[in-house]
1. So residue 178 ticks every box in (1) at pLDDT 95 or above; (2) open to solvent by 10 Å² or more (accessible area, probe 1.4 Å) but one. Which box is left unticked?
2. Mind counting the residues in region 21-51 that are out of contact with any Lys or Arg (no Cβ under 7 Å at 6 or more places or on another chain) and closer than 27 Å to residue 69 by Cβ?
3. Looking at region 189-197, is at least one residue within 20 Å of residue 54 (Cβ to Cβ), modelled with pLDDT of 95 or more and not hydrophobic (A, V, I, L, M, F, W, C)?
4. Only one residue in 22, 46, 61 is under 21 Å from the mean Cα position of the chain (by Cα) and more than 27 Å from residue 160 (Cβ to Cβ), so which one is that?
Amino acid sequence: MVFKRLLGSLGVGGPTVDTVLEGGPVRPGGPLSGQVHLKGGSSDFEIEQITLELVARVEAEHEDGEHEGVIAFDRFTVGGGFRLAEGEHRSVPFSVHIPWETPVTELYGQPLGVVMGVRTELEVKGAKDKGDLDQLTVGPLPAQEAVLEAFGQLGFGFKSADLELGHIGGTGQTLPFYQEIELAPAPQYAHAVNEIEVTFLAHPGGMEVVLEADKRGGLFSGGHDALNRFTVSHDGVEHHDWNAEVDAWVRQLVDSHASHGHHGAPYGQGYAHHDGYGHEGHGHEGHHRSGPSTGAVVAGVAAGVAVGVVGGIVAAEVVDEIGDAFEDEEEDD
């Protein structure tokens, strides 16, 4: 989807910018390609720089409650240094690689409710305008898809997905936010947990999978959270028994913190680190989610989200277009 806007900072008669992304979803760490189409205005203009900015709608928790905002998490200069003649049409091709930690926005072709976009900024003799905003669709890496498919096969159900401003301690996270995919427990675990949150932190060599369980309290103890981290490789995904692996992760997560259950164990105690596929490495202390965070989002209550079933996991279908999602942010510009 493409949104055209006159360069308001240059007034009537300025050039227009229209960015078109190549069809199909991109993958974390993969190439994002397309064309920036320019149309000259009523006179010649010196195009100093064309910049693409990756933006995402994130949630942050403040003293007065939760707030949403738009954050830029990567920038690329894709052109510039030329004169755009009056009325001239020119296209600037580009191909850039998005960060490995870029959140997943769809699964099996169905949106998860995460809103991201590519914003085009045109700089003309020191004047800048964010002249175009396009929806960014990101599909899962093979390992991410395999993990989520295994959760679905085990009976877990999708509740919601969002982006949280903050950092998960003890991980190699590089972006200023992380994605949480919230799952309703499978029947065999419903007695032990209220929900499980999945976070993927991919990198060229593999991927960290952070699982957080909202554990139910007992008759004489309150509920608490448990947090474990596992690492997997990008190689050999198709030959691995993911159902057995993910089930073992969940069992360990449910069993963890057992000795602290009566006191509500903090995040940093007793989490396990697995290297490769299920090979236990060294445990670490201090593993926790820092910065703003939010509680669980009950399925179906988010505005503009309808729920459908696909690939063994319930997926959220976003009804609102990205233009509506970024409306508040654009009005502030």
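The values are calculated or read from the model by the stated rules, or taken from the named source; none is laboratory data. Fair warning: this is a prediction, and the values are worked out from it, not measured in the lab. Backbone-built Cβ (ideal geometry, glycine too); neighbour counts: all protein chains shown. Accessible surface is based on the protein model in full, side chains and every heavy atom, while ligands, DNA and RNA are left aside. Shrake-Rupley method; radii C 1.70, N 1.55, O 1.52, S 1.80 Å.
1. Residue 178 satisfies all of (1) at pLDDT 95 or above; (2) open to solvent by 10 Å² or more (accessible area, probe 1.4 Å) except (2).
2. 12
3. At the first step, the residues of region 189-197 found to be within 20 Å of residue 54 (Cβ to Cβ) are none.
No; the residues of region 189-197 include none that is within 20 Å of residue 54 (Cβ to Cβ), modelled with pLDDT of 95 or more and not hydrophobic (A, V, I, L, M, F, W, C).
4. Working: 46 fails: under 21 Å from the mean Cα position of the chain (by Cα); 61 fails: more than 27 Å from residue 160 (Cβ to Cβ).
Testing whether each residue is under 21 Å from the mean Cα position of the chain (by Cα) and more than 27 Å from residue 160 (Cβ to Cβ) leaves just 22.
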